[in-house]
Amino acid sequence: MTKIPSILFTTNRRESNDWLLEKRNKFEKRWNKNGDGKKLIKRIMRVCNLPFPKDIITLTVNMKRYVHKKCKGTYGCIEDVNVPDRITLYIRKKDRYLDLRKTLCHEIVHSLFWSNTKHDERRTVTSFFADIFADELLTTLLEAYVIKGKLTYGDYEWALDYAKKDTCTKLENLKRKSDYRHILNELKEYFITFNKNIKNGSNALVERQRVLEDISAP
């Protein structure tokens, strides 16, 4: 039988104030009531047809206070894809249980994707845009489908807009991250191969397509 990971809800000590702690406690209580959270994770795994790897026993959800200047419309994230079992939720006072449940559903889908990518060598080589754009697009669609059980035209439109916005944001912030150097090294290696391929009869249009195949995501 496929193991369903449990959820550990936490808050940072320095950010722990009365309303945030109360929000966390109430959400945790509702999440565990009648196995609601467990049912949601089970449905995510069934819809995606993916299990969590055996060593993913617990997903840690760190609940932080939402700060507009810092978060800019982002309500959840996996801060490090190399640690996909750690999720961050940014909480506002007005957030209801269903709002937070929806955001957490989105991040659990991401966690499921990245957990399998990390642990399965067959899935480690993906292109830059597959990792960012396609990943966010499909995750947003799956979130809506898992929560509502169906998709509308508006869901497709929202998913496309959201994925586009998220991709642009990550590309804008790319230079500030250490992975920028990693991509530069890959570009250097790519162009060395480009020169060899051109001499062997390839052309620039063929090599342009190879960019999406050979440049992996950060």
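The values are calculated or read from the model by the stated rules, or taken from the named source; none is laboratory data. Given the structure is predicted, the values throughout are model-derived calculations rather than measurements. For neighbour counting, all protein chains shown are included, and Cβ atoms are generated from backbone atoms with ideal geometry for every residue, glycine included.
Per-residue answers, yes or no, for (1) assigned to a helix (DSSP H, G or I); (2) exposed (fewer than 13 other Cβ atoms within 10 Å of the Cβ):
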| site | (1), (2) |
| --- | --- |
| 24 | yes, no |
| 31 | yes, no |
| 34 | yes, yes |
| 38 | yes, no |
| 41 | yes, no |
| 50 | no, no |
| 54 | no, yes |
| 61 | no, no |
| 69 | yes, yes |
In the range 140-169, which residues are over 19 Å from the mean Cα position of the chain (by Cα) and among the hydrophobic types (A, V, I, L, M, F, W, C)? 151
Please work out if residue 55 is over 13 Å from the mean Cα position of the chain (by Cα), of a type in the set (Asp, Glu) and not assigned by TED's automatic domain parsing to the domain that holds residue 165. yes
Which numbered condition residue 45 fails, given (1) surrounded by 17 or more Cβ atoms within 10 Å (Cβ to Cβ); (2) outside any strand (DSSP E or B); (3) out of contact with any Pro (no Cβ under 9 Å at 6 or more places or on another chain): (3)
If you check 56, 91, 87, which single one turns out to be at negative phi and out of contact with any strand residue (DSSP E or B) (no Cβ under 7 Å at 6 or more places or on another chain)? 56
Scanning the range 1-10 for residues that are surrounded by 11 or more Cβ atoms within 10 Å (Cβ to Cβ) and part of a loop (DSSP other than H, G, I, E, B), which turns out farthest from the chain's Cα centre (by Cα)? 3
So, in the range 77-92, of the ones that are in a loop (DSSP other than H, G, I, E, B) and touching a helix residue (DSSP H, G or I) at 6+ places or on another chain (Cβ under 6 Å), which residue ends up surrounded by the fewest Cβ atoms within 10 Å (Cβ to Cβ)? 81
Determine whether the range 96-111 contains at least one residue that is surrounded by 14 or more Cβ atoms within 10 Å (Cβ to Cβ) and assigned to a strand (DSSP E or B). no
Would you check if there is a residue in the range 46-55 being within 22 Å of residue 23 (Cα to Cα) and either hydroxyl-bearing (Ser, Thr, Tyr) or in contact with a Ser or Thr (Cβ under 6 Å, 6 or more places away or on another chain) (or both)? no
Could you tell me which residue of the range 77-105 is modelled with the lowest pLDDT, considering only residues that are among the charged types (D, E, K, R) and farther than 19 Å from residue 28 by Cβ? 79
How many residues are of a type in the set (Asp, Glu) and surrounded by 14 or more Cβ atoms within 10 Å (Cβ to Cβ) if we restrict to the range 11-22? 1
